[in-house]
Amino acid sequence: MPSLKDLRNRITSVKSTQKITKAMQMVAAAKLRRAQEAAESARPYAERMDTVLRNLTLSLVDAADAPPLLTGTGKEDTHLLLVCTAERGLCGAFNSSIARLAREHVLTLKNQGKTVKIVCVGKKGFDILKRQFANDIVETIELRDVKQSGFDDARSIARKTLQMFDAGEFDICTLFYAEFRSVISQIPTANQIIPAKFEPGEDGAENENANSGALYEYEPEEEAILADLLPRNVAVQVFRALLENGASEQGARMTAMDNATRNAGDMINKLTLSYNRQRQAQITKELIEIISGAEAL
């Protein structure tokens with residue numbers, strides 16, 4: 001059984017930890033608002049870019065002169081995984097959930113006989129994935145010195161990815177990140193960005209236009225527009241992933257630190273109760289010894 005001094009030291013230590021977790025929770029809450037606004041502001045642009053490219057590619061998917069970023073290389077042998085995580089921990093299951101989704105994707109591809117290459121954007125993703133896929137990680141991009149992710153950071157990552165694609169180092173590129181839903185909900189997401197893959201429109205607008213026989217004339221031609229928009233779309237999707245990750249990280253850290261603060265409070269209460277009981281038992285024992293000594297006289 002620990003002594004009274006040990007219990008006092010333990011209570012003091014837990015109180016110090018509680019102060020730290022409370023401060024981290026408040027800092028995360030302050031950063032969350034700005035990060036959430038940035039992520040939500042980027043969504044309409046990314047979604048509109050997706051809609052424009054989807055409409056442009058309706059007539060070019062099967063064309064012989066369609067850009068490789070749209071049609072691919074014609075093979076699916078080598079896959080590149082862009083795994084975006086945080087640079088720091090203490091944010092609950094945020095990093096591990098993204099790494100878990102990437103790990104499942106890697107194992108599925110390897111079971112199919114595919115070659116997998118991994119680029120880790122963020123130190124924590126590298127620390128998790130290197131335990132099992134150290135030989136598959138070709139590069140690690142750290143953004144530790146970046147306080148708030150900007151489009152230049154995303155464009156730099158996209159430029160490296162496009163250079164690898166032009167060099168024939170992979171056939172398909174998939175982007176992994178966590179989509180921010182709320183403070184307690186961050187959804188791990190996998191998004192194929194090379195070749196561009198567009199989901200059907202939710203409102204069926206393109207189907208309605210096709211059925212109505214509407215024709216669009218583009219200046220310049222569709223091929224010239226796609227040649228500029230498809231590389232930019234890669235940077236836009238990476239930028240959106242970084243912003244979504246930024247908001248998800250702060251939300252997960254806020255929740256994790258709040259739980260840690262509550263747990264520290266429960267532990268302090270239990271330790272205080274044990275301390276009071278042991279102190280009361282010690283005082284009672286001393287009183288019994290004094291009374292027994294007085295009666296003996």
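The values are calculated or read from the model by the stated rules, or taken from the named source; none is laboratory data. In this text the structure is predicted, and so the values were computed from the model without any measurement. Please note: Cβ atoms are built from the backbone with ideal geometry, for glycine as well, and neighbour counts cover all protein chains shown. SASA here: full protein model, heavy atoms, side chains in, ligands and nucleic acids out. Shrake-Rupley method; radii C 1.70, N 1.55, O 1.52, S 1.80 Å.
Of note:
- Bridge type composition, the chain - antiparallel percent by DSSP, nearest 5: 35 percent
- Given charges at beta-carbon only (K, R positive; D, E negative), |dipole| of the chain in Debye: 2600 debye
- R0 of 51 Å, Cβ-Cβ distance residue 192-residue 6: FRET efficiency to nearest 0.05: 0.35
- Between helix 94-111 and the chain: long-axis angle, C-alpha atoms, 0 to 90°, nearest 10: 50 degrees
- When the charge dipole of the chain is built from unit charges on Cβ atoms (+1 for Lys and Arg, -1 for Asp and Glu) and taken about the Cα centre, the candidate among 263, 118, 143 whose Cα reaches farthest toward its positive end is 263.
- The chain: relative contact order in percent, alpha carbon pairs under 8 Å with at least 6 residues between: 32 percent
- Accessible surface ranking for 1, 267, 24, 257, 1.4 angstrom probe, highest first: 1, 267, 24, 257.
- Counting only DSSP H runs of at least 4 residues, each contributing -39500 (n - 2.57), and dividing by the residue count of the chain, the helix-based mean residue ellipticity at 222 nm comes to -22500 deg cm²/dmol.
- Solvent accessible area, Å² - residue 225, 1.4 Å probe, full protein context: 40 Å²
- Most tightly packed first, judged by the mean number of other beta-carbon atoms within 10 Å of their residues, the peptides 112-125, 232-245 read 232-245, 112-125.
- Order of exposure, largest accessible area first, which applies to 290, 268 with probe 1.4 Å: 290, 268
- Cut-off 14 Å, label 7 Å out along Cα→Cβ of residue 13, residues of the range 259-287 by amide N: 268, 271
- Accessible solvent surface per residue of the chain, calculated while the other protein chains remain in place, 1.4 angstrom probe, Å²: 58 Å²
- Sulfur and carbon atoms: percent of accessible area, the chain [1.4 Å]: 50 percent
- Projected label points at residue 90 and residue 280, each 7 Å from Cα along the beta carbon direction, are separated by 3.7 nanometres.
- Residues in the range 237-265 reached by a label modelled at residue 184 [backbone nitrogen below 14 Å; 7 Å Cα→Cβ]: 252, 254-260
- Amide H contacts of residue 86 (H built 1.01 Å from N, in plane; Pro and chain starts excluded): 124, 125 sit under 5 Å, all sequence-distant by 5 or more or on other chains.
- Across 48, 279, the residue with the most accessible area heads the list, and the full order at a 1.4 Å probe is 48, 279.
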